[in-house]
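The values are calculated or read from the model by the stated rules, or taken from the named source; none is laboratory data. Being a predicted model, the structure only gives us computed values, none of them experimental. Don't worry about glycine lacking a Cβ; one is built from the backbone with ideal geometry, like all the others, and counts go over all protein chains shown. Calculation scope for accessible area: heavy atoms of the full protein, side chains included, ligands and nucleic acids excluded. Shrake-Rupley method; radii C 1.70, N 1.55, O 1.52, S 1.80 Å.
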Amino acid sequence: PRWRRDGRELYYRSRDMLVAVTVDADGTVGEEVELFPLPGAFDVAPDGRFLVIEPEGEVSPPITVMLDWLPPELAQ
């Protein structure tokens with residue numbers, strides 16, 4: 001979830017949609033409003049625009065990190 005810069009609206013992902021709810025100073029929460037389909041991660045820029053990372057093509061395979069590995073010539 002991300003807050004709007006003025007703290008009066010909360011944005012979050014629900015069922016692959018970006019959703020907004022208003023929040024009053026007394027904590028009263030408004031109704032959910034679905035804004036648009038959200039295929040990837042998002043953030044809210046300081047100027048109020050949405051930044052969306054959309055996956056492109058296939059997802060890269062995970063990498064494996066090996067710690068404390070030595071080449072065979074040094075592993076004696």
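Key figures
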quantity: Percent accessible area from carbon and sulfur atoms, the chain, protein chains only, probe 1.4 Å; calculated: 55
quantity: Mean Cβ neighbour count within 10 Å, used as a protection proxy, ranking 28-36, 63-71 highest first; calculated: 28-36, 63-71
quantity: Label-point separation in nm, residue 74 to residue 35, each point 7 Å along Cα→Cβ; calculated: 4.9
quantity: Mean Cα-pair separation over length for the chain, i.e. relative contact order, pairs under 8 Å, 6 or more apart, %; calculated: 19
quantity: Label point distance in nm, residue 22-residue 4, each placed 7 Å from Cα along Cα→Cβ; calculated: 0.8
quantity: Residue among 51, 38, 18 with the largest mean-square fluctuation in a Gaussian network model of the chain, springs linking Cα atoms under 10 Å; calculated: 51
quantity: Loop-located trypsin sites (Lys or Arg not before Pro) in the chain whose Cβ has at most 15 other Cβ within 10 Å (DSSP); calculated: 4, 5, 8, 15, 49
quantity: Accessible area of the chain divided out per residue, in Å², using a probe of 1.4 angstrom; calculated: 86
